[in-house]
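I have placed the structure first, in the form of structure tokens, so that the comments after it can refer back to it.
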Amino acid sequence: MDYHLQILGEGIYIVLYGSEGMMEAANQYCDTKDALELSEYAEWIGRHGLRARLCIRPEVKRIFFRRRVDKAVRESNDLLQRYGALIPECEIDQREIEYTLLHRYDDTEEGQDYHMDIRWDPEAAVWIAESDDVPGLVLEDDSLERLKEQFKVAVPEILGLNDATKDDK
């Protein structure tokens with residue numbers, strides 16, 4: 001069981017806790033929706049045995065937008081609570097999660113953005129980073145700062161190896 005982050009739209013993210021298979025099912029559920037209703041998603045999470053907590057991204061500052069987002073997040077978390085699926089706030093290291101989201105899009109190489117998905121593995125006590133943009137990239141470290149530095153070094157190396165493999169074929 002792992003914690004995962006999903007960005008659900010401007011200003012909102014969700015922390016999910018469950019198995020890899022259920023995380024994949026949650027991603028597929030979101031992908032099938034043209035417009036994701038938070039209450040509907042919270043209900044789906046509760047029915048499928050996941051645990052979750054919706055949060056407001058720390059960079060949301062516009063007061064009227066923040067009030068609207070805050071209301072939607074509060075209502076969805078209340079629904080998760082009714083299903084017994086709400087992750088208590090004390091289980092979430094808010095500082096680490098905010099940091100992760102703010103650094104989700106990392107450095108560029110020749111104008112290319114590389115997206116890094118970060119999740120915490122509580123059993124191994126490490127952060128794990130993967131990237132669909134860089135096939136074969138999987139990094140882990142107990143420090144988020146070191147993981148970020150590893151990402152900067154690993155991306156050009158792995159992309160170079162991937163290009164060399166293509167040239168050999």
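Structure data summary
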| item | result |
| --- | --- |
| Residue check, E145 exposed (fewer than 12 other Cβ atoms within 10 Å of the Cβ), modelled with pLDDT under 75 and not in a loop (DSSP other than H, G, I, E, B) | yes |
| So D133, is it over 25 Å from R53 (Cβ atoms), modelled with pLDDT of 75 or more and out of contact with any helix residue (DSSP H, G or I) (no Cβ under 8 Å at 6 or more places or on another chain) | yes |
| E43 being modelled with pLDDT of 85 or more and among the acidic types (D, E) | yes |
| Residue in the stretch 91-106 that is modelled with pLDDT of 75 or more and within 18 Å of the chain's Cα centre (by Cα) present | no |
| Subset tally (residues that are acidic (D, E) and open to solvent by 90 Å² or more (accessible area, probe 1.4 Å)) for the stretch 40-84 | 1 |
| Failed item, numbered, when A125 is tested on (1) open to solvent by 70 Å² or more (accessible area, probe 1.4 Å); (2) at pLDDT 70 or above | (1) |
| Conditions (1) over 23 Å from A125 (Cα atoms); (2) in contact with a helix residue (DSSP H, G or I) (Cβ under 7 Å, 6 or more places away or on another chain); (3) not hydrophobic (A, V, I, L, M, F, W, C); number of the one not met by H4 | (1) |
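The values are calculated or read from the model by the stated rules, or taken from the named source; none is laboratory data. Only a predicted model underlies this, so the values are computations on that prediction, with no experimental measurement involved. Here Cβ is always computed from backbone atoms with ideal geometry, including for glycine, and neighbour counts include all displayed protein chains. What goes into the accessible areas is simple: the full protein's heavy atoms, side chains included, and nothing from ligands, DNA or RNA. Shrake-Rupley method; radii C 1.70, N 1.55, O 1.52, S 1.80 Å.
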